[in-house]
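Colleague: The structure that follows is given in the form of structure tokens.
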Amino acid sequence: MKIKTYQAPLLLKRKETHDTMTFRFGINMDFRPGQFVMLNAGGRSEAFSVCSPPTDNGYIEISMKMTGSAYKKALDDAKTGDKFEIKGPYGHFLLDGSKGAIMIAGGIGITPFMSMISYATAKKLPTKITLLYSNKTPEDIAFRKEFDELQKQNKNLGVIHTITRPEGHEWSGRTGRVDEEMIKSVPYWKGALFYVCGPGEMVDSMTALLQGMGITKERIKAERFGGY
Ligand SMILES: Cc1cc2nc3c(=O)[nH]c(=O)nc-3n(C[C@H](O)[C@H](O)[C@H](O)COP(=O)(O)OP(=O)(O)OC[C@H]3O[C@@H](n4cnc5c(N)ncnc54)[C@H](O)[C@@H]3O)c2cc1C
């Protein structure tokens, strides 16, 4: 796919969680689920996975953790219609539908998986997908309702949430980091392809865990989100 530069109007902003926002930009870009763009704001360009699927026409959505940085503030302050330079698509973190997928997301690392899973659902792909989605607290879970809805639409999709800091929160689901037991609870794990995305440290520890389980490098795809 050809990398192009777009001047894209901001179409809408949406709050997802207490610290996550989605921005929709009006562009027609050819991309594959899992790819990212470079978005220029406040004089700086940063990488963001496209969160929406390519089956949504006329726009892309980007979801990001609002950290209070000058860059994020420039986006937070933007008004509908303001134009932003977007360059892309980039990246090789792509869904390979030939084998069952186990996707491991840490926090905001959910974004490429949102695009892949929405796409697989819209296209009725037969690929089995299990998403293991780890967050610190239940309030940090982005797209919780959307994933409930996607599971209803896609019988090949399973979503397992786990919370690493449940103390003081209402939560009756799984707790702790994604571990060997959680991975082995996926019936097809032995033949699966693994996709890991999140902050660098999380990606490194998950990759080490998978390799320790005898899963070869060829079966692990990883996308590291710098800056967190
Ligand atoms: C392929 C890719 C896809 C991404 N997709 C998303 C996404 O979908 N959603 C999302 O929220 N974020 C995503 N990120 C992270 C995003 O690009 C920014 O790095 C992040 O949002 C932090 O920016 P900031 O302005 O909040 O932080 P700041 O702290 O202001 O970061 C400023 C710059 O310094 C770098 N930086 C800061 N700390 C470190 C460090 N410890 N080590 C190395 N570099 C550092 C950052 O990468 C950034 O370039 C992605 C990153 C990559 C590489």
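Colleague: Of everything in region 78-93, what is under 15 Å from Gly26 (Cα atoms) and either surrounded by fewer than 17 Cβ atoms within 10 Å (Cβ to Cβ) or away from the ligand (no atom under 14 Å from the Cβ) (or both)? Give them in sequence order.
Modeller: Scanning region 78-93 gives Ala78, Lys79, Thr80, Gly81, Asp82, Lys83, Phe84, Glu85, Lys87.
Colleague: So if I check each of Leu209, Leu157, Leu150, which one is over 16 Å from the mean Cα position of the chain (by Cα) and among the hydrophobic types (A, V, I, L, M, F, W, C)?
Modeller: Of Leu209, Leu157, Leu150, the one residue that is over 16 Å from the mean Cα position of the chain (by Cα) and among the hydrophobic types (A, V, I, L, M, F, W, C) is Leu209.
Colleague: Residues that are surrounded by 17 or more Cβ atoms within 10 Å (Cβ to Cβ) and in a helix (DSSP H, G or I): does region 120-135 have at least one?
Modeller: Within region 120-135 (the criterion being surrounded by 17 or more Cβ atoms within 10 Å (Cβ to Cβ) and in a helix (DSSP H, G or I)), the answer is yes, since at least one residue qualifies.
Colleague: Now a separate question. Can you confirm whether Asp19 is among the acidic types (Asp, Glu) and touching a helix residue (DSSP H, G or I) at 6+ places or on another chain (Cβ under 8 Å)?
Modeller: yes
Colleague: Another question about this same structure. Would you pick out the residues in region 196-218 that are assigned to a helix (DSSP H, G or I), within 16 Å of the ligand (Cβ to nearest atom) and touching an Asp or Glu at 6+ places or on another chain (Cβ under 9 Å)?
Modeller: Passing the criteria: only Val203.
Colleague: Now, a different point. Do you know which residues across region 46-77 are more than 8 Å from the ligand (Cβ to nearest atom) and assigned to a strand (DSSP E or B)?
Modeller: Ile60, Glu61, listed by residue number.
Colleague: Any idea which of (1) part of a helix (DSSP H, G or I); (2) among the charged types (D, E, K, R); (3) within 14 Å of Gly109 (Cα to Cα) is the one Arg224 doesn't satisfy?
Modeller: (1)
Colleague: Restricting to region 147-164, what's the tally of residues that are loosely packed, with under 15 Cβ neighbours inside 10 Å and either in a helix (DSSP H, G or I) or not assigned by TED's automatic domain parsing to the domain that holds Pro112 (or both)? Let's see the steps before the verdict.
Modeller: Going residue by residue through region 147-164, those that are loosely packed, with under 15 Cβ neighbours inside 10 Å are 148-149, 152-153, 155.
Narrowing the set further to residues that are either in a helix (DSSP H, G or I) or not assigned by TED's automatic domain parsing to the domain that holds Pro112 (or both) leaves 148-149, 152-153.
Residues meeting the conditions: 4.
Colleague: Can you spot a residue in region 28-35 that is closer than 18 Å to Thr5 by Cβ, modelled with pLDDT of 95 or more and within 14 Å of the ligand (Cβ to nearest atom)?
Modeller: The answer is yes; a qualifying residue exists.
Colleague: Can you tell me which residues in region 137-183 are among the aromatic types (Phe, Trp, Tyr) and under 19 Å from Lys65 (Cβ atoms)?
Modeller: First pass over region 137-183, keeping only residues among the aromatic types (Phe, Trp, Tyr): 143, 147, 171.
Result: Phe143, Phe147.
The values are calculated or read from the model by the stated rules, or taken from the named source; none is laboratory data. Keep in mind it's a predicted model, so treat the numbers as computed, not measured. Quick reminder, even Gly has a Cβ in these numbers, built from the backbone with ideal geometry, and neighbours come from all protein chains shown.
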